[in-house]
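Read-outs throughout are calculated quantities, based only on the coordinates presented, and are distinct from any laboratory measurement. As the structure is a computational prediction, the values presented were derived from the model and not from experiment. Cβ coordinates were reconstructed from backbone atoms using ideal geometry, including for glycine residues, and neighbour counts include every protein chain displayed.
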Amino acid sequence: MTNRFLRVNQIIGNLQANPPIQPIIPISKTTLYDWMKKGFFPAPVYLGDNIPVWSSDVVEKWMRSAPQQREQGITR
């Protein structure tokens, strides 16, 4: 996959948007930020003061490693 930047709604989805955005990781925004605080999910980079984004490569790598982290006791 080509590396691109993902915003919060592209990761967690927004079914109220027109057209709806399907989630990559079906969790709430609160859970996403809690996981970042605990080090379970990677921190974003910022495009400006209030625009957090993640590299699609970083998110894909995290998705591959998340089951291993849970097995090692690194959980939510």
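Overview of values
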{"quantity": "Extreme residue, surrounded by the fewest Cβ atoms within 10 Å (Cβ to Cβ), among residues of segment 45-67 that are under 12 Å from Leu6 (Cβ atoms) and of a type in the set (S, T, N, Q)", "calculated": "Ser55"}
{"quantity": "In segment 1-21, residue farthest from the chain's Cα centre (by Cα) [restricted to those that are farther than 15 Å from Val58 by Cα and among the polar types (S, T, N, Q)]", "calculated": "Asn18"}
{"quantity": "Residue pairs meeting the criteria (Cβ under 8 Å; at least 6 apart or on separate chains; first surrounded by 13 or more Cβ atoms within 10 Å (Cβ to Cβ), in segment 6-18; second among the charged types (D, E, K, R))", "calculated": "Val8/Lys29; Ile12/Lys29"}
